[in-house]
Amino acid sequence: MSTKLRILVPVKRVIDYAVKPRVKSDKSGVETNGVKHSMNPFDELSIEEATRMREKKLPVEEIVAISAGPAKCADTLRTAMAMGADRSIHVDVAEDKPLEPLTVAKLLKSVAEKEKSNLIFLGKQAIDDDSGQTGQMLAALLGWPQATQAAKVELNGEEVTVTREVDGGTETIKAKLPMIITTDLRLNEPRYASLPNIMKAKKKKLEKKSLKDYGLEEAFRLKTIQVTEPPQRQGGGKVEDVDGMIAKFKELGVL
Amino acid sequence: MSTSPALRYQVINIYKELLEMGKSYPLGYDYFRPRLHKAFMSQAHLKDEEKIKEGIKRAEYVKKEIEALYYLKKYRSMKQRYSSNQ
């Protein structure tokens, strides 16, 4: 008899991967107004993996997606539900004051306790702030085993075997549920949230919550001092002939 | 209009699905929409049910191709950004 899986999948709404981010003129951050947003690509892998577990007839009882952010996060959660989540929770957070990884981890801890989750799939990092901390912090707060950067996940009763991406190869580890897994690129190929599925997802439940419902407050430990664009790439130059090239080399001190 | 309403419904549905997908087309919705419209209009004269079914199949195929295109584009740019070795 194996335990029923209650999977929690936190997702983040980020600036779409195809958009080139622009830094605000006062250097306080990246412009998010009027910019296309979508689900963090690593979180798509998490949802997909949870959905595939169910399709493999593993004892998945429920897949819950959660997101903390402005009202538009609801769209991201709809996408998550179109991809396979059963219901979702939206924790309302002001757009101009995004949560720090630690607060997110604390929030997820109390959500996981409330929802009685025993498996949490997180993206290994978000493509906006690239912190890559939430999964690890959450594992520490809950005292659960963690497997980060998963490339393959196998479940056998209570036991989970995870192949991880590490420098120069892979590492295979085994742990018992409950467990935290963060996903890496090779784990699977996320499905496309098609129009009919998005329409169906509109019937699924989306709960609205606030940080207070989980006994938390916004706490900021970090202060952004300045955000700047990366230096512009210096373009190459064309030379007319061999002499020109030699002259250029001499100028640069190569010859 | 003598074609069966069921087929007509199917055609409209797949058109809507493709239209929705076009919103994230790399070259932009403004590029995608007129071309999609043209592709469907060019087949509007079809009366033979078998021919229409073939057309729907082709649209399904294009849908899969676009899905694959989106996936690969995303996967490749992620890989480029986040795999440091090599």
Item to check | Residue that is over 19 Å from A:LEU5 (Cβ atoms) and without any contact (Cβ under 8 Å) to a residue 24 or more places away in the chain, where the choices are A:GLU217, A:GLU207, A:GLU189 | outcome: A:GLU217
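When you check A:ALA50 against the structure, is it part of a strand (DSSP E or B), out of contact with any His (no Cβ under 6 Å at 6 or more places or on another chain) and farther than 17 Å from B:MET78 by Cβ, yes or no? Before the answer, list the steps.
On the way: part of a strand (DSSP E or B): no; out of contact with any His (no Cβ under 6 Å at 6 or more places or on another chain): yes; farther than 17 Å from B:MET78 by Cβ: yes.
So A:ALA50 fails the test.
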Checklist entry - B:LYS23 is checked against (1) at pLDDT 95 or above; (2) within 14 Å of chain A (Cβ to nearest Cβ) and fails just one. What number does that condition carry? => result (1)
Item to check | Residue list for segment A:128-160, filter: crowded, with 22+ Cβ neighbours inside 10 Å, over 15 Å from A:GLU49 (Cα atoms) and among the aliphatic types (A, V, I, L, M) | outcome: A:LEU138, A:ALA139
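Out of A:ALA139, A:ALA151, A:ALA219, A:ALA175, which single residue is touching a helix residue (DSSP H, G or I) at 6+ places or on another chain (Cβ under 8 Å) and small (Gly, Ala, Ser)?
A:ALA219
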Checklist outcome for this item: Scanning segment A:112-154 residue by residue, those of a type in the set (D, E, K, R) and part of a loop (DSSP other than H, G, I, E, B) turn out to be A:LYS116, A:LYS124, A:ASP128, A:ASP129, A:ASP130
Next on the checklist: Pull out all pairs, ordered by first then second residue, where Cβ-Cβ is under 8 Å, the residues are six or more apart or on different chains, the first lies in segment A:99-118 and is within 11 Å of A:LEU138 (Cα to Cα), and the second is of a type in the set (Asp, Glu).
Outcome noted: A:THR103/A:GLU218
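In the set A:SER117, A:SER88, which member is touching a helix residue (DSSP H, G or I) at 6+ places or on another chain (Cβ under 6 Å) and small (Gly, Ala, Ser)?
A:SER88
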Checklist outcome for this item: Considering segment B:1-20, residues that are of a type outside the set (A, V, I, L, M) and within 14 Å of chain A (Cβ to nearest Cβ), and then whichever is surrounded by the fewest Cβ atoms within 10 Å (Cβ to Cβ), we arrive at B:TYR9
Next on the checklist: Based on this model, can you work out whether A:MET53 counts as touching a residue at least 40 places away in the same chain (Cβ under 8 Å), open to solvent by less than 40 Å² (accessible area, probe 1.4 Å) and more than 22 Å from A:THR163 (Cβ to Cβ)?
Outcome noted: no
Next on the checklist: So, in segment B:46-86, exactly how many residues are away from chain A (no Cβ under 12 Å), within 21 Å of B:GLU20 (Cα to Cα) and basic (Lys, Arg)?
Outcome noted: 2
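Here is a yes/no grid of residues against (1) surrounded by fewer than 23 Cβ atoms within 10 Å (Cβ to Cβ); (2) under 14 Å from the mean Cα position of the chain (by Cα):
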| site | (1), (2) |
| --- | --- |
| A:GLU61 | yes, no |
| A:ALA65 | no, yes |
| A:ALA68 | no, yes |
| A:LYS72 | yes, no |
| A:MET81 | no, no |
| A:SER88 | no, no |
| A:ALA94 | yes, no |
| A:PRO98 | yes, no |
| A:PRO101 | yes, yes |
Item to check | Residue in segment A:190-197 that is hydroxyl-bearing (Ser, Thr, Tyr) and under 30 Å from B:GLU17 (Cα atoms) present | outcome: yes
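The values are calculated or read from the model by the stated rules, or taken from the named source; none is laboratory data. Because the structure is predicted, anything quoted here is derived from the model rather than measured. Neighbour counts run over all protein chains shown; Cβ positions are idealised from the backbone, glycine included. When the accessible area is computed, the model is the full protein with side chains, heavy atoms only, and any ligands, DNA or RNA have been set aside. Shrake-Rupley method; radii C 1.70, N 1.55, O 1.52, S 1.80 Å.
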